[in-house]
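Data first, discussion second: the structure below is written as structure tokens.
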Amino acid sequence: MIRARTVTAISSVRPAALAIAAALVAGCATDGDGAGAEAGVTAFEGATVLTGDGSVIPSAVLLVQDGQFAGVGASGEVEVPDGAERVDLSGKTVMPAIVNAHIHLSSERDERIAQLQHMAYYGAGAVVSLGTETGGVGIEMRGEVIPDAARAKTADRGITMPEPGRSEAPYWVETEEEARAAVRELAERQADIVKIWVDDRGGQYDRLSPELYGAIIDEAHRHGLMVTAHVFYLEDAKGLLRAGVDVFAHGVRDLDADDELMELWAERPEVVLVPNLPGPGVALDLSWLSGTVPPDQLAEMQAASVDNPAAQESFGIQARNLARFAEAGVKISFGTDGNAAWAPHQEMEDMVRSGMTPGDVIVAATKTSAELMSWDDLGEIAAGKSADFIVLDANPLDDIANTRQIDAVYLRGTMVDREGISARMLGAGTE
Ligand SMILES: [Zn+2]
């Protein structure tokens, strides 16, 4: 398999050209087990394919060339070219790589690369870091193709009222002028999205007022930027909808949604929800994390995973809200917050626990999230898209927890070195 070991900057190079460049850098050596960055075609045959838009191809052929899908369809409908390398995936299920629209990455380069590789190990193809970075590292690195790693976009620094001792990275603003100036800086630095926090943290801080977040949203829109809001209170969700917010980075957490909220949302159907559910407050079997979590740490995590009635109650509010939003046709995307690389699988399970179907959850976690972040070549298994996909040993439409049964992850047509990532993660934990 080809695996370029160099990091290549791509700001203006098309992915196909880049794949070829990477092959040249790698010396074009191949032992033929990957779809790699070679001129030839690889045909992945026989899997059940969940395409990301909600449709299913029961026995599919996926042609991959130069890091992209060159053909996608049912067996017999897509012709496999002579000389193509053939990979038998019968009995497997394939879904698009996950797009996680709310996480937080390190501001330190090497640690960030390790995080992006760890996320790729668990099937993420792309992630969005939401507003707690310093030093501009996310902006600097977002054009790079890092081997075995998810791609990333970034909000760079988000905007909040002062939160001394809690959150030092974001802009702290107290006047409309400061709020607009922060947005102008982000626009100049070409942040991918503007993140705001509208939360008093249980009464500890003042939260952004409607005047301040209104100014931020207005200024962001003047510069062609979307605004995503960390929100807690129902009342603020309403204010944000009135003020023109584009995305909620969390659901409503204090109360059940009421009719007024639903009416406001219905007037703005383009507003996307990243549900970002809290833990369900029930004991979970974490043994499936043994590939990257060292045994001692895993034992600690397992011991801490117990039934927790208070957590169940707050999960209940958000789960009922998600069910109501989904039922009302709100556009639902996907994010996990934090930086746990395995969290997407728990989040998908929690979304199903809330009442969404596995099929709808997979669409949220792939196509809808890619669209939200304008990743035009991600989120779907379709001709012309980047060949970013997960090969599973079981079908998540039968049980969403089957997304954990990962056989292989391919990013840009190349198989991710999961064994290498596992060895590094387990080794790092025992030092
Ligand atoms: Zn967050």
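Residues being among the hydroxyl-bearing types (Ser, Thr, Tyr), touching an Asp or Glu at 6+ places or on another chain (Cβ under 9 Å), more than 24 Å from VAL78 (Cβ to Cβ) and surrounded by fewer than 18 Cβ atoms within 10 Å (Cβ to Cβ) are represented in the stretch 356-376 by at least one member.
Does ALA229 fit the bill of being more than 16 Å from the ligand (Cβ to nearest atom) and within 25 Å of the chain's Cα centre (by Cα)?
no
Scan the stretch 47-76 for residues that are over 23 Å from the mean Cα position of the chain (by Cα), assigned to a loop (DSSP other than H, G, I, E, B) and surrounded by fewer than 16 Cβ atoms within 10 Å (Cβ to Cβ) and the total you get is 3.
Of all residues in the stretch 247-268, those satisfying the criterion of being within 16 Å of the ligand (Cβ to nearest atom) and touching a residue at least 40 places away in the same chain (Cβ under 8 Å) are VAL247, ALA249, HIS250, GLY251, VAL252, ARG253. A Cβ distance below 6 Å, combined with a sequence gap of six or more or placement on separate chains, defines the contacts here; from the stretch 126-145, residues that are at positive phi reach residues that are among the hydroxyl-bearing types (Ser, Thr, Tyr) and more than 12 Å from the ligand (Cβ to nearest atom) in the pairs GLY135/SER107.
What's the total number of residues in the stretch 348-359 that are part of a helix (DSSP H, G or I) and either touching a helix residue (DSSP H, G or I) at 6+ places or on another chain (Cβ under 8 Å) or closer than 16 Å to PHE325 by Cα (or both)? Can you show your working first?
The initial filter retains those residues of the stretch 348-359 that are part of a helix (DSSP H, G or I), namely 348-353, 358-359.
After this cut, where a residue has to be either touching a helix residue (DSSP H, G or I) at 6+ places or on another chain (Cβ under 8 Å) or closer than 16 Å to PHE325 by Cα (or both) as well, the list is 348-353, 358.
Qualifying residue count for the region: 7.
Exactly one residue out of ALA101, ALA114, ALA97 is away from the ligand (no atom under 14 Å from the Cβ) and crowded, with 23+ Cβ neighbours inside 10 Å, and it is ALA97.
Per the listing SER129, SER107, the residue uniquely within 14 Å of THR336 (Cα to Cα) and within 16 Å of the ligand (Cβ to nearest atom) is SER129.
Name the helices (runs of 4 or more DSSP H) wholly inside the stretch 97-205 in which the number of residues that are in contact with a helix residue (DSSP H, G or I) (Cβ under 7 Å, 6 or more places away or on another chain) and at pLDDT 95 or above is 3 or more.
On the way: elements: 109-121, 137-141, 176-188.
Hits in the stretch 97-205: 109-121, 176-188.
Per this entry, PRO280 is counted among residues that are of a type outside the set (Gly, Ala, Ser), in a loop (DSSP other than H, G, I, E, B) and away from the ligand (no atom under 16 Å from the Cβ).
Of all residue pairs spaced 6 or more apart or on separate chains, those with beta-carbon atoms under 9 Å, a first member in the stretch 365-383 that is acidic (Asp, Glu) and a second member that is in a helix (DSSP H, G or I) are ASP376/ALA370; ASP377/PRO15; ASP377/ALA370; GLU380/THR366; GLU380/LYS367; GLU380/ALA370. Among the residues making up the stretch 319-342, those that are surrounded by fewer than 21 Cβ atoms within 10 Å (Cβ to Cβ) and within 16 Å of the ligand (Cβ to nearest atom) are ASP337, GLY338, ASN339, ALA340.
For the stretch 360-390, name all the residues that are away from the ligand (no atom under 16 Å from the Cβ) and in a helix (DSSP H, G or I). ASP360, VAL361, ILE362, VAL363, ALA364, ALA365, THR366, LYS367, THR368, ALA370, GLU371 - these are the residues of the stretch 360-390 that are away from the ligand (no atom under 16 Å from the Cβ) and in a helix (DSSP H, G or I). Pairing residues of the stretch 413-424 that are within 12 Å of ALA114 (Cα to Cα) and without any contact (Cβ under 8 Å) to a residue 12 or more places away in the chain with residues that are in a loop (DSSP other than H, G, I, E, B) and acidic (Asp, Glu), at Cβ distances under 7 Å and at least 6 apart in sequence or on separate chains, gives no pairs at all.
The values are calculated or read from the model by the stated rules, or taken from the named source; none is laboratory data. Since the model is a prediction, treat every value here as computed from it, not as a measurement. Cβ atoms come from the backbone with ideal geometry, glycine included; neighbour counts cover every protein chain shown.
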